[in-house]
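Working notes, beginning with the structure itself.
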Amino acid sequence: MKHSMIVKTIGKMLIKTFGLILFFSSSQSKNIFRPNLPVGEYHLVIDKVYPCEKTKNYPLQFNWYLSKKTSSITELKGNMTLFIPFDDTLTIDFNLESWGSTGGWVPNALIIKTKKACSNVKHLTGNAWLNYMEGFKIPANKCPIPVGTYITPGIDKTKFEDMNFPKIYFYGKYKVVVRYKNLKNEVVGCVVVEINLIRPWETPI
């Protein structure tokens, strides 16, 4: 009887010891595979969305903003008013600004200029394009987007974080300034999106 109790006690001690070893091994393993490197795969978090210059009446107007619905859900709201079609005659002037080490935005971290604005936006935004078209009740999910005013009651902002951008980049805070230009190289629309690229295991602030 005593022997049986001793065996059971030892067995429980071994199980607890083995459990502790597994726990600490797992913790060390997570630390090994979660290096604090400046670049790598990231999770995109949208912080702010707003027009570039609210006082300018561009033919393409993106009156977007973020609104907190609950403590865990933030929605994109607003409207898009097009006085000209959003099509492939337009070009994109894309300027990525990075947040400086001493504060303030540093322009020209990445500059992209490309033609066929509508098709390229559709390709680059991937699933976010479909969510946008559905949320703003735009009749077709293809180019061009016709003249009109498109309004959304609110779309969960996380639906816009699944895009076809490069999967590896430098972590940090960025401001994306997107200007659309016509064939005369005149700006016809402009929008700003502030984002955070965080490590996959990090939690948004």
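When we screen 89, 158, 102 for residues that are β-branched (Val, Ile, Thr), modelled with pLDDT under 90 and outside any strand (DSSP E or B), the only hit is 102.
Only a single item in (1) modelled with pLDDT of 90 or more; (2) open to solvent by less than 50 Å² (accessible area, probe 1.4 Å); (3) out of contact with any strand residue (DSSP E or B) (no Cβ under 8 Å at 6 or more places or on another chain) is not met by residue 52, and it is number (3). Of the residues making up the range 131-157, those that are farther than 17 Å from residue 83 by Cβ and without any contact (Cβ under 8 Å) to a residue 40 or more places away in the chain are 131, 132, 133, 134, 137, 139, 140, 141, 142. Being open to solvent by 40 Å² or more (accessible area, probe 1.4 Å), in contact with a Phe, Trp or Tyr (Cβ under 7 Å, 6 or more places away or on another chain) and not small (Gly, Ala, Ser) is true of residue 112. With respect to residue 184, is the statement that it is at pLDDT 95 or above, in a loop (DSSP other than H, G, I, E, B) and more than 19 Å from residue 120 (Cβ to Cβ) true? Yes, satisfied.
Of all residues in the range 161-181, those satisfying the criterion of being outside any loop (DSSP other than H, G, I, E, B), of a type outside the set (Ser, Thr, Tyr) and within 25 Å of residue 133 (Cα to Cα) are 175, 176, 177, 178, 179, 181. Scanning the range 105-130 for residues that are of a type in the set (A, V, I, L, M, F, W, C), free of Cβ contacts under 8 Å to residues at least 24 places away in the same chain and not in a helix (DSSP H, G or I) yields 106, 110, 111, 112. Selection within the range 131-155: residues that are in a helix (DSSP H, G or I) and open to solvent by less than 80 Å² (accessible area, probe 1.4 Å). The member of this set that is farthest from residue 59 (Cα to Cα) is 131. Within the range 69-86, the set of residues being outside any strand (DSSP E or B) and touching an Asp or Glu at 6+ places or on another chain (Cβ under 9 Å) comprises 69, 73.
The values are calculated or read from the model by the stated rules, or taken from the named source; none is laboratory data. All figures in this text were calculated on a predicted structure; none of them were measured in a lab. Note that we place each Cβ from the backbone using ideal geometry, even for glycine, and neighbour counts take in every protein chain shown. Heads up: the accessible areas ignore ligands, DNA and RNA and are worked out on the full protein's heavy atoms, side chains in. Shrake-Rupley method; radii C 1.70, N 1.55, O 1.52, S 1.80 Å.
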